[in-house]
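**Student:** Shown below is the structure under consideration.
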Amino acid sequence: MAARNIYGLTPESLSTFLKEQQLPAFRLTQIYDWLYRKNVTSFSEMTNLSKDLREQLEKEFYFALPKESVIQHSKDGTIKALLELEDGAKVEAALMPYDYGNALCVSSEVGCNMGCAFCASGLLKRERDLTAAEMVGQVLFFNQLLNERGEHVTHVVVMGTGEPFANYDNVLDFLKIINSEYGLAMGARHLTVSTCGLIDGIKRYAREGFQFNLAISLHAPNDELRKRLMPIAYRYSLKELIEAAREYVEVSHRRITFEYLMIKDLNDSLESADELADLLKGLLCYVNLIPFNPVSEKPFERSPRNRVFRFRDRLNMRGIKCTIRKEFGQDIDAACGQLRAKDKEQGK
Ligand code: SAH
């Protein structure tokens with residue numbers, strides 16, 4: 001079998017490997033400790049492993065982490081990076097300094113095929129899925145950066161380029177790896193997956209038995225409008241999507257976040273707010289209003305601030321909890337996919 005990137009090994013798969021090799025289970029905690037706490041990047045540095053074991057591991061696994069291609073620092077502390085992977089493909093990740101911690105927005109695919117009308121990521125079609133190792137690599141890259149000031153990534157949102165539920169297994173492995181108590185030990189409640197609404201994925205995710213969060217990109221209160229923004233609305237109606245969301249809440253007992261992009265004169269009226277309130281009535285959820293990040297290639301405009309407040313107040317009044325997403329990186333290429341699209345453009 002071809003060698004595997006060590007950063008893509010979940011605790012379960014590493015433990016299976018150890019069993020197959022008739023090695024003791026405690027090697028798992030030792031290896032994870034070296035990888036994620038002591039941050040070594042070769043087996044020869046894992047000095048508490050026997051020489052034989054190190055040689056054995058060397059044959060089966062290798063170390064590969066993404067390399068910095070472009071990095072942008074915003075005045076507000078946001079750091080955006082374009083990272084180069086083993087095969088030369090490039091992905092974006094962005095770190096946002098919230099008051100509660102450092103949240104990293106991670107990409108799940110190279111490009112995206114969901115085709116949302118307002119999104120810069122979809123300008124470039126999907127080339128391939130990211131492996132779990134490549135998602136872990138995005139976290140480790142930023143941890144290394146933050147390490148210099150004694151900080152680390154505290155929250156992860158899988159909200160970068162790509163549709164995570166179109167790459168379900170790798171995304172789940174990624175979450176299991178960074179959640180593992182032997183390694184980075186990032187709390188499940190600090191980890192969020194955002195989907196455009198792939199229903200099979202939502203149902204599966206509900207049953208994983210983890211405390212990971214789920215966000216659904218809704219962006220419209222009815223099918224007609226949603227179809228104008230998101231091709232996925234042709235595949236699944238809002239009725240089906242909300243049913244899946246109800247099932248998720250019932251099975252997982254977790255609250256869902258609905259993301260709702262505020263686009264001027266399109267979905268930001270009080271009528272839309274009322275329609276949204278009707279749609280979400282009785283569902284354990286909250287709505288996160290996203291100020292639209294204008295993308296030059298797209299015809300949409302952002303909602304004026306007072307309209308966003310009005311929309312939020314209406315939802316709150318109707319009993320739907322609603323917040324406005326804090327904006328980051330206004331002075332850099334903040335919108336998902338912008339940096340990569342620009343890099344590709346320049347490379348032509
Ligand atoms: N495919 C997943 C995750 C990637 S998109 C999803 O659809 O949820 C992450 C979030 O960024 C989504 O809510 C998406 O709708 C939003 N987004 C895309 N383009 C945007 C833009 N120009 N301005 C603000 N948010 C945007």
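The values are calculated or read from the model by the stated rules, or taken from the named source; none is laboratory data. Note that the coordinates shown come from a computational prediction; the quantities given were computed from them, not determined experimentally. Note that we place each Cβ from the backbone using ideal geometry, even for glycine, and neighbour counts take in every protein chain shown. Heads up: the accessible areas ignore ligands, DNA and RNA and are worked out on the full protein's heavy atoms, side chains in. Shrake-Rupley method; radii C 1.70, N 1.55, O 1.52, S 1.80 Å.
**Student:** With a point put 7 Å past each Cα toward its Cβ, work out how far THR323 is from ALA2 in nm, to one decimal.
**Tutor:** Once both label points are built, they end up 4.2 nm from each other.
**Student:** So which GluC sites (Glu not before Pro) in the stretch 69-124 pass both tests, a DSSP loop state and at most 15 other Cβ atoms within 10 Å of the Cβ?
**Tutor:** Passing both the DSSP loop test and the Cβ count: GLU86.
**Student:** Out of the total accessible area of the stretch 260-348 (probe 1.4 Å, heavy atoms of protein only), what percent is carbon and sulfur?
**Tutor:** On the stretch 260-348, the fraction of accessible area on carbon and sulfur atoms equals 49 percent.
**Student:** For the stretch 59-172, what % of the accessible area comes from carbon and sulfur atoms, probe 1.4 Å?
**Tutor:** 49
**Student:** May I pose another question? Once all Cα-Cα distances of the chain are split into 20 Å bins that start at 0, what whole-number percent is in each one?
**Tutor:** Bins of 20 Å from zero give 30, 56, 14, 1 percent of pairs.
**Student:** Here's something else I'd like to know. For a quick check, take a GNM of the chain with Cα springs below 10 Å and name the residue from HIS253, HIS155, HIS190 with the largest mean-square fluctuation.
**Tutor:** Of HIS253, HIS155, HIS190, the Gaussian network model singles out HIS253 as fluctuating most.
**Student:** Filter the trypsin sites (Lys or Arg not before Pro) in the stretch 175-232 to those in DSSP coil with at most 11 other Cβ atoms within 10 Å of their Cβ, and list the result.
**Tutor:** The qualifying sites are ARG207.
**Student:** Report, ordered by chain and residue number, the lysines lying within cross-link reach of LYS239, taken as a straight Cα distance under 26 Å and ignoring same-chain residues fewer than 8 apart.
**Tutor:** LYS203, LYS227, LYS264, LYS281, LYS321
**Student:** In addition: Going toward the positive end of the dipole of the chain, with +1 on Lys and Arg Cβ and -1 on Asp and Glu Cβ, which of LEU191, VAL91, GLY137 do you reach last?
**Tutor:** With unit charges placed on the Cβ atoms, the residue in question is LEU191.
**Student:** Within the chain, which is the longest segment containing none of the chymotrypsin sites (Phe, Trp or Tyr not before Pro) that sit in a DSSP loop and have at most 14 other Cβ atoms within 10 Å?
**Tutor:** In short, 101-348.
**Student:** Between ARG54 and TYR100, how high is the FRET efficiency from 1/(1 + (r/R0)^6) when r is the Cβ-Cβ distance and R₀ = 35 Å? Nearest 0.05.
**Tutor:** 0.30
**Student:** Follow-up question, since we're still on this one. What distance in nm lies between label points placed 7 Å from Cα along the C-beta direction at LYS38 and GLU151?
**Tutor:** Each label point is offset 7 Å from its Cα along the Cβ direction, giving 2.8 nm.
**Student:** Quickly estimate the mean residue ellipticity at 222 nm for the chain, helices only: each DSSP H run with n ≥ 4 gives -39500 (n - 2.57), and the total goes over all residues, rounded to 500.
**Tutor:** Rounded to the nearest 500, it is -11000 deg cm²/dmol.
**Student:** Oh, and also: When N counts the residues of the stretch 259-348, how does its alpha-carbon radius of gyration compare numerically with 2.2 N^0.38 Å, as a ratio?
**Tutor:** Cα-based Rg divided by the globular estimate yields 1.27.
**Student:** OK, next. Using the heavy atoms of the protein chains alone and a 1.4 angstrom probe, what is the accessible area of the chain per residue in square angstrom?
**Tutor:** That works out to 45 Å² per residue.
**Student:** Then there's this: Fully extended, how many nm does the chain gain between HIS73 and LYS264 (0.36 nm per residue separation, minus their Cα-Cα distance)?
**Tutor:** Between HIS73 and LYS264, full extension yields 65.9 nm more.
**Student:** Then there is this: Please report the relative contact order for the chain, taking Cα pairs under 8 Å with a sequence separation of at least 6, and give it as a percent rounded to a whole number.
**Tutor:** Over the chain, the number comes to 15 percent.
**Student:** Report ³J(HN,Hα) in whole Hz for each residue of the stretch 149-157, in order, from the Karplus equation J = 6.51 cos²θ - 1.76 cosθ + 1.60 where θ = phi - 60°; Gly and Pro get x.
**Tutor:** Per-residue couplings from phi come out as 10, x, 10, 8, 6, 9, 9, 10, 10 Hz.
**Student:** Rounded to two decimals, what is Rg over Rh for the stretch 119-198 when you use alpha-carbon atoms and the Kirkwood radius?
**Tutor:** Rounded to two decimals, Rg over Rh is 0.98.
**Student:** Largest first and in whole Å, give the semi-axes of the stretch 239-301's equivalent ellipsoid, each being the square root of 5 times a Cα gyration tensor eigenvalue.
**Tutor:** 26, 14, 10
**Student:** In addition: How many angstrom separate the Cα center of the stretch 2-17 from the Cα center of the stretch 61-126?
**Tutor:** Taking the Cα centre of the stretch 61-126 as reference, the centre of the stretch 2-17 is 24 Å away.
**Student:** Same structure again: For the stretch 123-219, which GluC sites (Glu not before Pro) are in a loop by DSSP, counting at most 16 other Cβ atoms within 10 Å?
**Tutor:** GLU127, GLU148, GLU151, GLU181, GLU208
**Student:** Sticking with this structure for a sec: If r is the Cβ-Cβ distance from LYS281 to ARG207 and R0 is 30 Å, what FRET efficiency results, to the nearest 0.05?
**Tutor:** For LYS281 and ARG207, the calculated efficiency is 0.75.
**Student:** Going by amide H atoms built from the backbone, whose H comes under 5 Å of the H on SER194, apart from near neighbours?
**Tutor:** Amide H to amide H, under 5 Å and 5 or more residues apart or across chains, SER194 pairs with VAL158, ALA215.
**Student:** Right, here's the next one. Cα centroids of the stretch 287-348 and the stretch 145-222: how far apart, whole angstrom?
**Tutor:** Rounded to whole Å, the Cα centres lie 20 Å apart.
**Student:** Under 18 Å from the 7 Å Cα→Cβ point of ASP169, by amide nitrogen: which residues of the stretch 1-28?
**Tutor:** Taking a point 7 Å out along Cα→Cβ of ASP169, the residues of the stretch 1-28 whose backbone N falls under 18 Å are 1-17.
**Student:** Could you name the lysines in cross-link range of LYS59, using Cα to Cα under 30 Å and dropping any fewer than eight places away on the same chain?
**Tutor:** Answer for LYS59, where 30 Å is the Cα cut-off: LYS19, LYS38, LYS51, LYS67, LYS90, LYS176, listed by chain and number.
**Student:** Now a separate question. May I ask what percent, to the nearest 5, of DSSP beta bridges between residues of the chain are antiparallel?
**Tutor:** Roughly 45 percent of the beta bridges in the chain run antiparallel, per DSSP.
**Student:** Take the alpha carbon gyration tensor of the stretch 194-348, find the square roots of its eigenvalues, order them as a ≥ b ≥ c, and report rounded if a/c is under 1.5; if not, report prolate when a/b exceeds b/c, else oblate.
**Tutor:** Judged from the Cα gyration tensor, the stretch 194-348 comes out oblate (a/c at least 1.5, b/c at or above a/b).
**Student:** Place +1 on the Cβ of every Lys and Arg and -1 on the Cβ of every Asp and Glu in the chain, take the dipole about the Cα centre, and give the residue among GLY209, HIS155, LEU266 whose Cα lies farthest towards its positive end.
**Tutor:** My answer, from the dipole projection, is LEU266.
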